[in-house]
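Working notes for the structure below.
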Amino acid sequence: MTLSDEGRELSEQLHSLLHDVDSSLEDDLEGILTWVNPNEPGSNHQMRPPSLRVKSAIKSLLNGVVTSESFIDLLGKYMIFQTRKHFFLNYQSLLYFKDVQKLERYYEFPTRYVNIFSSEEWCDEMSGLRNYLIRQNSGLKNNIQLRLEQLVHEDDFDMACKIYEWLCQAEGRLLPEILVDVLLSKVKLFASKNMNSAWTQRFTIMEAYNLFVTNYWSVFCRMLQCMEDDHEITNEIYRCFEEEFIRIRTSQVFDIFVTGFPTTKPTLLELRSVLKTSVKYTELITEFLYQFESKMLNPSITTAEILLSYVRAIKSILIVDVSFRYFQLLTNFVRPYLMERHDTVATFLYAMLGLDASDLSSKNSTSTHMSIASQLSAELRGSHQPISSSTAERGNLPHGKHALSMNPYEPAYQQIIDYYLHWNPEPADSIQANNDQALISKELFDIIVELFDSKDVIVREFLGLFTRKLLGLRGYKLESNWVQSLKVVKKKLDFKTYSSAQEFSNINNIDVMLRDVKHSEELCSLMHEKLGLSDRIIPKFVSYLFWNAHSDFSALPKDHPLPKELEADINNYKKAYTNVKKGRKLRLHPEQSIVELQLRLADGRDLNYEVTLDEALVLSYLSSNGDGTVEEIVKQTNLDISQVEKSLKFWVKSSILRYSTETSRYSVEERQNVDVKHAVERQSSSEIVNATDSVDLQQQQFIDSMQKVLPFIKGMLTNLGSLKADKIHSFLKMAVPKEIGYSATPSQLQLYLNALVEESKLVKTPNGAFRLAK
Amino acid sequence: MEGSSKSSIPDGHSVVSRLQSELMQLMLSPSPGLSAFPEDEEDLTKWCGIITGPDGTPYEGMRFKIALEFAQTYPYTAPKVRFVSPMWHPNVDMSGNICLDILKDQWSAVYNVQTILLSLQSLLEEPNNSSPLNAVAAELWDKDMREYKKKLIARYEEIDD
């Protein structure tokens, strides 16, 4: 039997029942049947109260004398049948809760007037349909749950409760799992709203939790049908807030570790109190490394910026991680990258030792660079003091980060028993760290020094810096911060523990240098005052064997013809020195000499320059001879062609010299060419030359430094056969002595080895190893 | 050297720094035909070396691998040196052990890896036939050089890189 058959049959049965009683009412019956039938949308109630005719028909049929019980029964069956028919034809098209509500109202509407069902009967019928609906229409079910979540997010709890009740009715039971999901997503939303930017507050979790409980807990209790003081659930919610806090801070880790540091200290302290498992720590640090890499470790970031963020990160990690386990990860991660940069050690030293940031500035630094350098310097100030006392205190806690925190809602004895009975052993390394008082008193300086392959790197760079500083010193007074920094370096890089005597003597070279400078001052005043030598010369008498860190003094300097007056003065100094220091000879080192020039040009320009002796000699030659080609200048000044070209470039750039392309000769530009455009062009072209020069120079320096280790490479390949690049790298690190110095990174070495293969000095085997060419 | 080796070692002595400086010397001013290098970057006390046979000797054009092992007391005690490559020589036994006075009782702290290599090279040139480890080789060296060379070539193995 089809649906329409059954409908028709019910209708016919009703008609025949009525026919037996009063056939005149059949029209009324037909009107009612149409009016209540949801399947006749064109002619049924249409959610409007019945017309008078229908109303009176209902009245006469249902309340009249004709009505029998079987008739009412049959009418009820008819209505239910038609409702079901409509439902099963339409339930799949229901998408949203509001559609369901609409439909339910549509079904319910006629029952208000044709009041033949008890409320339970109708509710049972509806529940059955709802149950079917929720089981069969999963799209609708999802939408309703989403709507519930959305309403809770929007704080519309009235509607949310309605939907939840409907859902419970449809499922025929309470639905705590859906409610818990909604609750958690609300917690998540609430936490991110309240915690996201609260970096400067200490008790964010507690505050957010309290606010949440005040605002929402009573509603959720009603929905969950639990007691408001059910602490099992509230504790769980608190833990969710903790989890959320960790999740949010982990995602912001770079900002709180680096960008916002040190104002983020409160939140770091809070983070420390909730990070309880090594998994969470690992996640935090992994995320940090990931963000650090993408934000900092790229070529456009200056070394000072990287170092600054590194130092801040280390400080942050030390706050968060009391086990001192994780900062090493960062160090290991950053090390290879920083080691590729040639200015790392210098930048670090300048900042660490609080030397004037302006000393560091190279030609291309801008004010931003300077401010970063001074920030770095500020971060590192006091870094050679033990790590802040708060860290030390933490380290002294009986169980470090697992110290017992009391929960006011549980009996104290229970918590104490739980705490001591549920002890989990920590990984071995952390126990060691916890007990290692030496590590706790470790200073930031030491941690950062570990960034470098060895202390030698720092000592070497420091020596270089110091030597350059002393050689470039005007007069004999060294600024106190340099003296101070020497003390720090000597103290921190404890040389007594070094097995090799080489470094020991190296750092002590500085003492000799300082003594030389002091001695020079005495000797200079003696020469100026007593012997009446020219006070335009300020000599530094260096014991050259001890000043080798910066440049090679042992090679005999070339003799350059000096201007006569200067030559005479220098000779006087030489004689006087041999007189004062019997048996010793004074030698001029032109490459270390600095000359102050006062230039007066024909167009009235009065200029002061502080230049190298090369530059002064080139200018002096041209000024006395009028003009000259590069070759002539090289010949006359006995300088290298590269030095001459460099000096010429400098003077042309300074608009002191002019180059004529027709004659290929340089001459002094007594009258400055006012053609600014010309000047700009000239300048920019010379800058390009300089830039390419510096790249070439760097490459040349690298190749030179690698040439020195070539014998070691040959030696190991002779004896050990073929080796891979990383093996060669570690052999070189072990074998090459400090005084030769091997500082290349594995990738640089690889490049060099490939270059040797191209030169047919080496052969690359199919497995990527290198061996000597036969 | 007198007394026990331990008592005569100065304080602060480090075999590693000594070997490191020897290595540098060896690398920067190498002797032709001689070379040595540590086997392992973690352990400087085990080296391997290569000696090329001197011209005008039966060993001409041949290359031999040797192993050197330095004790912590080096250079106050001699290193253990032996041939790794199969060797046919009056003063070298079939296991590669070498009978050379400076590696035994005539050792002095002034010797170093370079002098050892040089001594071994000259041992190839002039064996000490009065105290042979390989009596057959000693006899052939004196009496039948052709047979000696034959035996040598039969035993020689080229170093495989």
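The values are calculated or read from the model by the stated rules, or taken from the named source; none is laboratory data. None of these values were measured; they are calculated from a predicted model. For neighbour counting, all protein chains shown are included, and Cβ atoms are generated from backbone atoms with ideal geometry for every residue, glycine included.
Scanning region B:45-73 for residues that are within 16 Å of B:GLU158 (Cβ to Cβ) and touching a Cys at 6+ places or on another chain (Cβ under 8 Å) yields B:LYS65, B:ILE66. Here is the figure for region A:128-160: residues that are more than 44 Å from the chain's Cα centre (by Cα), touching a residue at least 40 places away in the same chain (Cβ under 8 Å) and surrounded by 15 or more Cβ atoms within 10 Å (Cβ to Cβ) total 5.
Looking only at region A:39-57, decide whether some residue is touching a Leu at 6+ places or on another chain (Cβ under 9 Å) and either closer than 16 Å to A:TYR113 by Cα or not assigned by TED's automatic domain parsing to the domain that holds A:TYR113 (or both). Yes, region A:39-57 has at least one match. When A:SER70, A:SER93 are checked against the criterion of being of a type in the set (Gly, Ala, Ser) and farther than 24 Å from A:ASP22 by Cα, A:SER93 stands alone in meeting it. Scanning region A:567-581 for residues that are among the aliphatic types (A, V, I, L, M), closer than 16 Å to A:ARG536 by Cα and surrounded by 14 or more Cβ atoms within 10 Å (Cβ to Cβ) returns A:ILE570, A:ALA576. Taken over region A:723-739, the criterion of being in contact with a Phe, Trp or Tyr (Cβ under 7 Å, 6 or more places away or on another chain), without any contact (Cβ under 8 Å) to a residue 40 or more places away in the chain and either in a loop (DSSP other than H, G, I, E, B) or more than 8 Å from every other protein chain (Cβ to nearest Cβ) (or both) is satisfied by A:LEU732, A:VAL736. Of the residues making up region B:87-127, those that are within 19 Å of B:PHE37 (Cβ to Cβ) and either buried (at least 20 other Cβ atoms within 10 Å of the Cβ) or not aliphatic (A, V, I, L, M) (or both) are B:GLY96, B:TYR111, B:ASN112, B:VAL113, B:GLN114, B:THR115, B:ILE116, B:LEU117, B:SER119, B:LEU120, B:GLN121.
Conditions (1) among the aromatic types (Phe, Trp, Tyr); (2) at pLDDT below 90, marked per residue:
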{"residue": "A:TYR113", "(1), (2)": "yes, yes"}
{"residue": "A:PHE117", "(1), (2)": "yes, yes"}
{"residue": "A:GLU120", "(1), (2)": "no, yes"}
{"residue": "A:ASP124", "(1), (2)": "no, yes"}
{"residue": "A:TYR132", "(1), (2)": "yes, no"}
{"residue": "A:SER138", "(1), (2)": "no, yes"}
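Given the criterion of a type outside the set (Lys, Arg) and closer than 30 Å to A:LEU523 by Cβ, identify the matching residue among A:GLU662, A:GLU615, A:GLU631.
On the way: A:GLU662 fails: closer than 30 Å to A:LEU523 by Cβ; A:GLU631 fails: closer than 30 Å to A:LEU523 by Cβ.
One residue alone meets the criteria, A:GLU615.
When region A:740-771 is filtered for residues that are of a type in the set (Asp, Glu) and either in a helix (DSSP H, G or I) or not assigned by TED's automatic domain parsing to the domain that holds A:PRO711 (or both), only A:GLU758 remains.
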